[in-house]
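Comments concern the structure below.
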Amino acid sequence: MAIISIRDLVVEYDGRRVLDGVELDIEPGEIMVLLGGSGSGKSTLLRQILALERPRAGSILVKDTDITRCSQADLKGVYRSIGVAFQSAALFNSLSVEENVALNLREHTALAPTIIDLIVWMKLAVVGLAEFGKLHPQELSGGMKKRAAVARALSLDPEILVLDEPSAGLDPIVAAELDELILFLKETFQITALVVTHEMASAFRIADRIAMLSEGKFLAVGTKDEIRACQHPRVQQFLNRVPDNPVRAPAVAAYLERYVRSEEANL
Amino acid sequence: MANVLEIAGRETLAELDYVGRLNIQLWATLRAMRRSLPLIGNRHRWHAAVQQMLEIGVDALPMVALLAMCSGFILAMQGASELRRFGALHYVIDLVAISFTRELGPLITAIAVCGRSGSAFAAEIGTMKVTEEIDALKVMAFDPVEFVLAPKYLAALVAVPCLSIVSNLFGILAGGLFMFFSTHLALLLYFKYVMVSIALRDVVAGLIKSLAFATIVAHVGCLEGFRVRGGPDAVGRSTTMAVVRSTFMVIVADAVFTAIFYFVGQM
């Protein structure tokens, strides 16, 4: 039984179709990586899964609740089972790292402050930031911010962890550390993770399954081996890092030809 | 001609849409504001509201006082230059006292708060939008209106009338200093005349206006912040729009209130 089930999802912005009949099932306890180039619709799909936007058509079931149609109260219940680490970390700058992680616990539970402090310390220790709790987000490096965001996402022990571009903008060592952290969380807490990325190395390191998105449609969904074996030209191009050749585009080629001819005429 | 009508129609619809959004936001804030109140609400929201009161009110005190002093001097000097010709210099006291309590005190305060706090609200919330903090609040099952806007609105409702009273005092004091230096009228006597010339309903009318101005400044500033789409340049535009729109709406609201009080006073 899928923990997240997306059916026939259609999203349009100003009449432009960004997601076109997307279907995906994410099983409990698996790490699903959403892979795709810039503008492929990854972030849009993520915003839909988090119910930050409403689709034009289709449904998204998160733990059997259709978040495209449910009430705000039901949505709040769903949100409590999801932890999200945004691409920009989205930590609250006016709060310290500790306060950021404690926020959910303080507001959504009746736990005593000492228990909250202990849980916060544990969450920060899990991501390796136990000594940096008193700092404010602006005092952290990019990698530390991302780890702090993961700690905050874990604060209510969610069943689903959503990570948007966790390794974007990080050096390879820090990115690899984050990959290990995601694997550690999966093994330790049996958490279901949805990771959005365009980093191939990271995707193939952490994924149980990969869903490859291009121009609003899934080109391939499967295990790492199945994706590697997929013969779709766009998937192969992405895997082998083959660039689109702009010079071969008809409009560009015609322009260059005209330019060369005019230069020859001037000579 | 058709084009002009088309543009006028489109602009009118856009403005109506804006006013509609303001009303929806105001209603949502009023519903959420109970949680920002002391004792019965959430203490973290109340602390946030107190912090905002300090920023909107206490931090603006020197600026508002200076603006009121300057305006008081200008009004007294301009009034005296004409009234002196008719031997009615003592009417400067009534002019300054009534003008400030009914009109200038709340208006000067509102314009100062527009520039200081309205723009700050738009910049703060706009930045939170750009850095995904508002999205983070939503997926953490917080209502951004309750979390961000309600404490600001509550703080503005308390701070702006207080600032208006301060503005009245300093404006009237400036008139007293002018009278002291130009006619050697003792300050104590001046204030005795002031108490005779102003009525309680003048002060109450000014305070009612300042509550309306606080509503406009807080809501326009926050709405402009929530409307930010895109990057940091959009935050800059929203800040400018917050000041322009709220200043315009404050002056329009002032005209409406003055007309209402005028006709009610005639009856």
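The values are calculated or read from the model by the stated rules, or taken from the named source; none is laboratory data. The model shown is predicted, which means the values in this text are computed figures rather than measured ones. Reconstructed Cβ throughout: ideal geometry from the backbone, glycine too, with neighbour counts over all protein chains shown.
The rows are residues; the columns are (1) away from chain A (no Cβ under 14 Å); (2) at pLDDT 95 or above; (3) on the phi > 0 side of the Ramachandran plot.
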| site | (1), (2), (3) |
| --- | --- |
| B:Ala155 | yes, yes, no |
| B:Ala159 | yes, yes, no |
| B:Ser182 | yes, no, no |
| B:Leu188 | yes, no, no |
| B:Tyr193 | yes, no, no |
| B:Val220 | yes, yes, no |
| B:Arg229 | no, no, no |
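Of all residues in the range A:25-50, those that are within 14 Å of chain B (Cβ to nearest Cβ) have Cβ atoms under 6 Å from Cβ atoms of residues that are buried (at least 21 other Cβ atoms within 10 Å of the Cβ) and of a type in the set (Asp, Glu), 6 or more apart or on another chain, in A:Leu46/A:Asp164.
Of the residues that make up the range B:36-56, is at least one surrounded by 14 or more Cβ atoms within 10 Å (Cβ to Cβ), touching a Cys at 6+ places or on another chain (Cβ under 7 Å) and touching a residue at least 60 places away in the same chain (Cβ under 8 Å)? Checked against the condition, which is being surrounded by 14 or more Cβ atoms within 10 Å (Cβ to Cβ), touching a Cys at 6+ places or on another chain (Cβ under 7 Å) and touching a residue at least 60 places away in the same chain (Cβ under 8 Å), the range B:36-56 yields no hits at all.
If you take the residues in the range A:1-60 that are hydroxyl-bearing (Ser, Thr, Tyr) and under 22 Å from A:Asp179 (Cα atoms), which one is farthest from the chain's Cα centre (by Cα)? Even if it seems obvious, please write down each step before you answer.
Initial filter on the range A:1-60 (hydroxyl-bearing (Ser, Thr, Tyr)): A:5, A:13, A:38, A:40, A:43-44, A:59.
With the extra rule that they be under 22 Å from A:Asp179 (Cα atoms), the set shrinks to A:38, A:43.
Values: A:Ser38: 13, A:Ser43: 7 Å.
Here the answer is A:Ser38.
Against the test of being touching an Asp or Glu at 6+ places or on another chain (Cβ under 8 Å) and small (Gly, Ala, Ser), the options A:Ala265, A:Ala220 yield a single qualifying residue, A:Ala220.
Being within 9 Å of B:Thr131 (Cβ to Cβ) and either more than 9 Å from every other protein chain (Cβ to nearest Cβ) or touching a strand residue (DSSP E or B) at 6+ places or on another chain (Cβ under 6 Å) (or both) is the filter here, so list the residues in the range A:84-98 that pass it. Once the filter is applied, which keeps residues that are within 9 Å of B:Thr131 (Cβ to Cβ) and either more than 9 Å from every other protein chain (Cβ to nearest Cβ) or touching a strand residue (DSSP E or B) at 6+ places or on another chain (Cβ under 6 Å) (or both), the range A:84-98 yields only A:Phe86.
Is it the case that the range A:138-145 has a residue that's assigned to a helix (DSSP H, G or I) and of a type in the set (Asp, Glu)? Step through it out loud before you land on a result.
The first filter runs over the range A:138-145 and keeps only residues assigned to a helix (DSSP H, G or I), leaving A:138-139, A:142-145.
If we keep only those that are of a type in the set (Asp, Glu) too, we end up with A:139.
Looking through the range A:138-145, at least one residue is assigned to a helix (DSSP H, G or I) and of a type in the set (Asp, Glu).
Taking B:Leu187, is it of a type in the set (A, V, I, L, M) and surrounded by fewer than 17 Cβ atoms within 10 Å (Cβ to Cβ)? Answer is yes for this residue. In the range A:127-145, is there at least one residue being polar (S, T, N, Q), within 14 Å of chain B (Cβ to nearest Cβ) and in contact (Cβ under 8 Å) with a residue 60 or more places away in the chain? Looking through the range A:127-145, none of the residues is polar (S, T, N, Q), within 14 Å of chain B (Cβ to nearest Cβ) and in contact (Cβ under 8 Å) with a residue 60 or more places away in the chain. From the set of residues in the range A:99-115 that are of a type in the set (S, T, N, Q) and within 13 Å of chain B (Cβ to nearest Cβ), which is surrounded by the fewest Cβ atoms within 10 Å (Cβ to Cβ)? It comes out as A:Thr109.
If you go through the range B:226-245 and keep only what is within 18 Å of B:Ile56 (Cα to Cα) and in contact with a Lys or Arg (Cβ under 7 Å, 6 or more places away or on another chain), you end up with nothing. Of the residues making up the range A:244-259, those that are part of a loop (DSSP other than H, G, I, E, B) and more than 15 Å from A:Ser40 (Cα to Cα) number 2.
Could you list, in sequence order, all residues of the range B:114-129 that are of a type in the set (D, E, K, R) and either over 19 Å from B:Leu154 (Cβ atoms) or crowded, with 24+ Cβ neighbours inside 10 Å (or both)?
Here is the first cut: in the range B:114-129, the ones of a type in the set (D, E, K, R) are B:116, B:124, B:129.
Listed by number, the list holds a single entry, B:Lys129.
When the range A:63-75 is filtered for residues that are within 9 Å of another protein chain (Cβ to nearest Cβ) and at pLDDT 90 or above, only A:Leu75 remains. Scanning the range B:213-265 for residues being part of a helix (DSSP H, G or I), of a type in the set (Lys, Arg) and touching a helix residue (DSSP H, G or I) at 6+ places or on another chain (Cβ under 7 Å) gives a total of 1.
Sort through B:Met195, B:Met179, B:Met140 and tell me the only one that's without any contact (Cβ under 8 Å) to a residue 24 or more places away in the chain, surrounded by 23 or more Cβ atoms within 10 Å (Cβ to Cβ) and out of contact with any Pro (no Cβ under 6 Å at 6 or more places or on another chain). After applying the criteria, what remains is B:Met140. Which pairs have Cβ atoms under 8 Å, sit 6 or more apart or on different chains, and link a residue in the range B:99-112 that is surrounded by fewer than 22 Cβ atoms within 10 Å (Cβ to Cβ) to one that is charged (D, E, K, R)? Cβ pairs passing all conditions: B:Glu103/B:Asp254.
In the set (1) of a type in the set (Gly, Ala, Ser); (2) within 14 Å of the chain's Cα centre (by Cα); (3) within 14 Å of chain A (Cβ to nearest Cβ), the condition left unmet by B:Ala136 is number (2).
Specify which of the listed residues (B:Leu89, B:Leu61) is in a loop (DSSP other than H, G, I, E, B), surrounded by 15 or more Cβ atoms within 10 Å (Cβ to Cβ) and in contact with a helix residue (DSSP H, G or I) (Cβ under 9 Å, 6 or more places away or on another chain). Don't jump to the end; show me each part of the working.
On the way: B:Leu61 fails: in a loop (DSSP other than H, G, I, E, B).
Result: B:Leu89 is the single residue among B:Leu89, B:Leu61 that is in a loop (DSSP other than H, G, I, E, B), surrounded by 15 or more Cβ atoms within 10 Å (Cβ to Cβ) and in contact with a helix residue (DSSP H, G or I) (Cβ under 9 Å, 6 or more places away or on another chain).
Is it true that some residue in the range A:178-200 is among the β-branched types (Val, Ile, Thr) and modelled with pLDDT under 85? Before the answer, list the steps.
The initial filter retains those residues of the range A:178-200 that are among the β-branched types (Val, Ile, Thr), namely A:182, A:188, A:191-192, A:195-197.
Those still in the list that are modelled with pLDDT under 85 too: none.
No: the range A:178-200 contains no residue that is among the β-branched types (Val, Ile, Thr) and modelled with pLDDT under 85.
Selection of the range B:2-58 for residues being more than 14 Å from every other protein chain (Cβ to nearest Cβ) and of a type in the set (Phe, Trp, Tyr) yields B:Tyr18, B:Trp27.
For the range B:23-40, the set of residues classified as among the β-branched types (Val, Ile, Thr) and either in a helix (DSSP H, G or I) or at pLDDT 95 or above (or both) consists of B:Ile24, B:Thr29, listed by residue number.
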